[in-house]
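Beneath this line is the structure, given in structure tokens, with notes to follow.
The values are calculated or read from the model by the stated rules, or taken from the named source; none is laboratory data. All figures in this text were calculated on a predicted structure; none of them were measured in a lab. Please note: Cβ atoms are built from the backbone with ideal geometry, for glycine as well, and neighbour counts cover all protein chains shown. Areas reflect the complete protein model, heavy atoms only, side chains present, ligands, DNA and RNA absent. Shrake-Rupley method; radii C 1.70, N 1.55, O 1.52, S 1.80 Å.
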Amino acid sequence: MFGTTIWLLRIANWLNWIGAVLFALLLAALLLANEHFYPAITQAFEVQGQQAVEAVWTWLVSACALVVPMAVCIHLIFTRLIALLRDAAEGRAFSEINAKRLMTVGWALLVVNILDLVFGQISIWASEASGEYFGWTFSLTGWFAVLLLFLLARVFREGAAMREDLEGTV
């Protein structure tokens with residue numbers, strides 16, 4: 001089971017980077033060839049006015065720009081989970097290094113949630129300015145997951161200390 005999960009996480013990490021590269025290319029195209037893209041947005045939203053056109057353009061560029069730091073955080077999460085699973089498969093789950101890995105996953109997920117809030121604020125602003133709905137909903141699930149990961153890191157740290165004490169007494 002560990003091997004399959006590790007394999008799936010590796011595939012997910014590759015897909016994460018493929019998506020990030022595609023969005024980075026779209027961002028580059030938007031910024032370098034905006035004379036082709038901006039008129040299309042202007043034509044689609046000219047009825048709502050110039051403020052709507054600017055809002056849609058800002059939303060599009062911002063959404064593409066937020067993908068890259070998000071992909072870095074997701075990469076950190078996937079690689080740390082893979083390392084945790086490897087250690088768990090070898091019977092070394094409760095270790096100081098795994099506690100640090102869980103803390104890294106927690107911090108990365110915190111950044112993901114903050115970036116999601118930034119994206120949400122931009123989406124709300126663009127929706128109001130353009131009259132279109134840009135699809136964002138606030139969720140507490142990720143924030144609770146961050147707290148859970150920090151608590152698990154503490155549990156793993158305590159488990160590692162208990163394991164060291166047990167090995168020292170034997």
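Before moving on, here are some points about what is shown:
- Only one of the numbered conditions (1) over 21 Å from PHE144 (Cα atoms); (2) open to solvent by 60 Å² or more (accessible area, probe 1.4 Å) is violated by ILE114, and that is (1).
- Residues in the range 88-103 that are among the hydrophobic types (A, V, I, L, M, F, W, C), more than 22 Å from the chain's Cα centre (by Cα) and within 21 Å of THR4 (Cα to Cα) were compared, and the one that is modelled with the lowest pLDDT is ALA93.
- One residue from ALA65, ALA88 being within 23 Å of PHE156 (Cβ to Cβ), open to solvent by 30 Å² or more (accessible area, probe 1.4 Å) and in contact (Cβ under 8 Å) with a residue 12 or more places away in the chain: ALA88
- Test for ALA153: is it more than 30 Å from LEU30 (Cα to Cα) and either crowded, with 17+ Cβ neighbours inside 10 Å or within 13 Å of the chain's Cα centre (by Cα) (or both): yes
- Checking each residue of the range 95-102 against the condition of being free of Cβ contacts under 8 Å to residues at least 24 places away in the same chain, exposed (fewer than 15 other Cβ atoms within 10 Å of the Cβ) and within 30 Å of ALA161 (Cβ to Cβ) gives at least one match.
- Top-ranked residue in the range 70-107 [being aromatic (Phe, Trp, Tyr) and assigned to a helix (DSSP H, G or I); ranked as farthest from ALA20 (Cα to Cα)]: TRP107
- Within the range 14-50, the set of residues being farther than 19 Å from ALA65 by Cα and open to solvent by less than 80 Å² (accessible area, probe 1.4 Å) comprises PRO39, ALA40, THR42, ALA44, PHE45, GLY49.
- Number of positions in the range 117-142 that are surrounded by 18 or more Cβ atoms within 10 Å (Cβ to Cβ) and either in contact with a Ser or Thr (Cβ under 7 Å, 6 or more places away or on another chain) or within 16 Å of CYS73 (Cβ to Cβ) (or both): 4
- Residue that is farthest from the chain's Cα centre (by Cα) [pool: residues in the range 38-69 that are not acidic (Asp, Glu) and not in a helix (DSSP H, G or I)]: VAL47
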